[in-house]
There are 2 protein chains.
Amino acid sequence: MAEKNKKPLILVSNDDGITAKGIRHLVETMQRIGEVVVVAPNSPQSGMGHAITINDPLKIRTSDIFDDVQAFECSGTPADCVKIAKNYVLKDRVPDLVVSGINHGSNTSVSVLYSGTMSAAVEAAIESMPAIGFSLCDYDSDAEFDHILEYVERIARQTLKRGMQKGVALNVNFPAKREEPIKGVKICRQAIAKWREVFDEREDPYGRKYLWLTGEFENNDRGEDTDEWAIKNNFVSVVPVSFDMTAHHAVAFMNDEWDI
Amino acid sequence: MAEKNKKPLILVSNDDGITAKGIRHLVETMQRIGEVVVVAPNSPQSGMGHAITINDPLKIRTSDIFDDVQAFECSGTPADCVKIAKNYVLKDRVPDLVVSGINHGSNTSVSVLYSGTMSAAVEAAIESMPAIGFSLCDYDSDAEFDHILEYVERIARQTLKRGMQKGVALNVNFPAKREEPIKGVKICRQAIAKWREVFDEREDPYGRKYLWLTGEFENNDRGEDTDEWAIKNNFVSVVPVSFDMTAHHAVAFMNDEWDI
């Protein structure tokens, strides 16, 4: 939790790249709360999951894209950006909060695994920093954000006030703008749903085949405590996410049944 | 579970690329158990986490690199390879088992998040297919595998026999070869440890700075039920991994304490 009377230090990153509309809204909202430092990718990194760059060097340079904000653009992934921010840019200063986004597109359900936005937040959680990934369920690069910024600010302030459990980061998703205002905030679990992929096969001008990954999201999880339910019903969904992927319930079962 | 008297269909992938030594050992070991189909990246994908390719087309072509095995090399990530195998290569046939690896290097503890090897297995778990990621804690591209192949086979057979709990994949790590033989197999939880990163700053011939990500693994988790403990003590570690990242213990806490 941030010390009283001290402006909190807030690190901002994303996966759509430093020039995206979503990160600009996030930076401006965080400037109302604390001192902001930005370390974000110099190009879109959507779908990068928790990738890190180990076979190539990383380039980083200062950016003047935001007014009154120390900002850096980096050639790496969102997880790289958090590592660089902590160990190279900020060094001895530890952020009171790390925020990532606002992503152009949903990161509900299993999309949390593919999400660069959430990988920045999870990376921060590994480093014991309170962290939130924000995503808007609207893929339009020119999407409307005005209906959600009040919630972004409130959730960030609440996190600074309450702190975060160890090893946990928040996955926050917002419904796209509708006629009626957002109904409120729900603390949720990740829906057990998946993408049904279809590969669109084409031929290049030289007769070689190539594939585009397409598909539809398919939710058979009928629970009313899921992030999918919340978004569908015009609530903000907040899922606490753990970087401990152990299926603890399976350990005892395997110890009992496996013969190895 | 595989039907009796029918040869099980085993899909093999990895993240070091189709020409790596580790996948060759895995293919040969799986050929002793069932019919093998390989769909693997055409280049190394280490550290790719659960990345998928959504902004570029994917290329796939047949490979004759393995004797008597249907094999394909693909321009995508390990998670892409499993999606392509299921929806494009195999279509109506569903693998009885998906195996990934054998990775050249450890995927214990939080490395599960960065691991391309495990992303293939987790992707298979999302698709309700029993899946195992195998990793050898030896980064040498010419590492010794002979001390572990018996365990690879036994764990694969046990998984086919027992089946897998829904939503679970196995993260199996092997100690590097030592003088004394491996002591046995432990069902473990993921150690709560992390990498302590150091960025090695250099200057290119044109005076521009660039960084290499380096660092040391730091384990402060003193539990004797962790994957790190098992490997250190010359056991094979088997961690059941879930793709549900919800920190379920945090949901009630937040519902109680948050005021939003």
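The values are calculated or read from the model by the stated rules, or taken from the named source; none is laboratory data. Model, not experiment: these values are computed from the prediction. Cβ atoms come from the backbone with ideal geometry, glycine included; neighbour counts cover every protein chain shown.
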Filtering strands (runs of 3 or more DSSP E) wholly in segment B:1-65 for at least 1 residues that are of a type in the set (K, R) gives B:60-63
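So, in segment A:217-251, of the ones that are assigned to a strand (DSSP E or B) and β-branched (V, I, T), which residue ends up nearest to B:V112 (Cα to Cα)?
If we filter segment A:217-251 for residues that are assigned to a strand (DSSP E or B), which is where we start, we get A:217-218, A:226, A:236-242, A:246.
Now narrow it down to the ones that are β-branched (V, I, T): A:226, A:236, A:238-239, A:241, A:246.
Details: A:T226: 25, A:V236: 29, A:V238: 24, A:V239: 21, A:V241: 15, A:T246: 10 Å.
For segment A:217-251, the residue satisfying everything is A:T246.
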If I ask for residues that are part of a loop (DSSP other than H, G, I, E, B) and among the polar types (S, T, N, Q), which ones from segment A:117-151 would you list? A:S128, A:S141
Would you check if there is a residue in segment B:71-83 being at pLDDT below 95, in contact with a His (Cβ under 6 Å, 6 or more places away or on another chain) and not acidic (D, E)? yes
So which residues in segment B:23-45 are surrounded by 24 or more Cβ atoms within 10 Å (Cβ to Cβ) and closer than 27 Å to A:T77 by Cβ, if there are any at all? B:I23, B:V39, B:A40, B:P41, B:Q45
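Against the definition (over 18 Å from the mean Cα position of the chain (by Cα), assigned to a strand (DSSP E or B) and either at pLDDT below 95 or over 26 Å from A:H50 (Cα atoms) (or both)), how does A:R178 come out, yes or no? Full working, then the answer.
Working: over 18 Å from the mean Cα position of the chain (by Cα): yes; assigned to a strand (DSSP E or B): no; either at pLDDT below 95 or over 26 Å from A:H50 (Cα atoms) (or both): yes.
Against the criterion (over 18 Å from the mean Cα position of the chain (by Cα), assigned to a strand (DSSP E or B) and either at pLDDT below 95 or over 26 Å from A:H50 (Cα atoms) (or both)), A:R178 does not qualify.
Within 9 Å of chain A (Cβ to nearest Cβ), over 12 Å from the mean Cα position of the chain (by Cα) and aliphatic (A, V, I, L, M): which single residue out of B:I148, B:I126 fits that description?
On the way: B:I148 fails: within 9 Å of chain A (Cβ to nearest Cβ).
Just a single option satisfies the conditions, and that option is B:I126.
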Do we have A:V241 as of a type in the set (A, V, I, L, M, F, W, C) and closer than 23 Å to B:S242 by Cβ here? yes
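Do you know which of the residues in segment B:70-104 that are within 22 Å of the chain's Cα centre (by Cα) and more than 29 Å from A:I52 (Cα to Cα) is surrounded by the most Cβ atoms within 10 Å (Cβ to Cβ)?
Of the residues in segment B:70-104, the ones within 22 Å of the chain's Cα centre (by Cα) are B:70-90, B:94-104.
If we keep only those that are more than 29 Å from A:I52 (Cα to Cα) as well, we get B:70, B:90, B:94-96.
Values: B:Q70: 14, B:L90: 16, B:V94: 12, B:P95: 25, B:D96: 22.
Of everything passing the filter in segment B:70-104, B:P95 is surrounded by the most Cβ atoms within 10 Å (Cβ to Cβ).
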Could you check, for segment B:194-208, whether at least one of its residues is surrounded by 14 or more Cβ atoms within 10 Å (Cβ to Cβ), touching a residue at least 40 places away in the same chain (Cβ under 8 Å) and either within 9 Å of chain A (Cβ to nearest Cβ) or acidic (D, E) (or both)? yes
Looking only at segment A:148-164, how many residues end up being touching a strand residue (DSSP E or B) at 6+ places or on another chain (Cβ under 9 Å) and surrounded by fewer than 16 Cβ atoms within 10 Å (Cβ to Cβ)? 1
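Answer with yes or no whether B:D67 is within 14 Å of another protein chain (Cβ to nearest Cβ), acidic (D, E) and over 17 Å from the mean Cα position of the chain (by Cα). Walk me through how you get there before you give the answer.
Working: within 14 Å of another protein chain (Cβ to nearest Cβ): no; acidic (D, E): yes; over 17 Å from the mean Cα position of the chain (by Cα): yes.
No, not satisfied.
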Considering only segment B:222-245, I want to know if a residue exists there that is modelled with pLDDT under 95 and in contact with a Lys or Arg (Cβ under 7 Å, 6 or more places away or on another chain). no
Matching residues in segment B:219-260 - criterion: being acidic (D, E), within 30 Å of B:E150 (Cα to Cα) and touching a residue at least 24 places away in the same chain (Cβ under 8 Å): B:D221, B:D225, B:D227, B:E228
Number of the exception - B:V37 against (1) farther than 26 Å from B:S106 by Cβ; (2) within 11 Å of another protein chain (Cβ to nearest Cβ): (2)
Within segment A:94-111, track down each residue that is away from chain B (no Cβ under 14 Å) and either at pLDDT below 95 or assigned to a strand (DSSP E or B) (or both). A:L97, A:V98, A:V99, A:S100, A:G101, A:I102
Apart from one, (1) more than 7 Å from every other protein chain (Cβ to nearest Cβ); (2) more than 18 Å from A:L26 (Cα to Cα); (3) in contact (Cβ under 8 Å) with a residue 12 or more places away in the chain all hold for A:Q165; the odd one out is (1)
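Might you let me know whether segment B:173-185 holds any residue that is surrounded by 21 or more Cβ atoms within 10 Å (Cβ to Cβ), in contact (Cβ under 8 Å) with a residue 60 or more places away in the chain and at the interface with chain A (Cβ under 8 Å from one of its Cβ atoms)?
no
Residue-by-condition table, conditions (1) over 30 Å from B:A176 (Cα atoms); (2) not β-branched (V, I, T):
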| site | (1), (2) |
| --- | --- |
| B:R32 | no, yes |
| B:P41 | no, yes |
| B:M48 | no, yes |
| B:K59 | yes, yes |
| B:F66 | no, yes |
| B:K83 | yes, yes |
| B:V110 | no, no |
| B:M118 | no, yes |
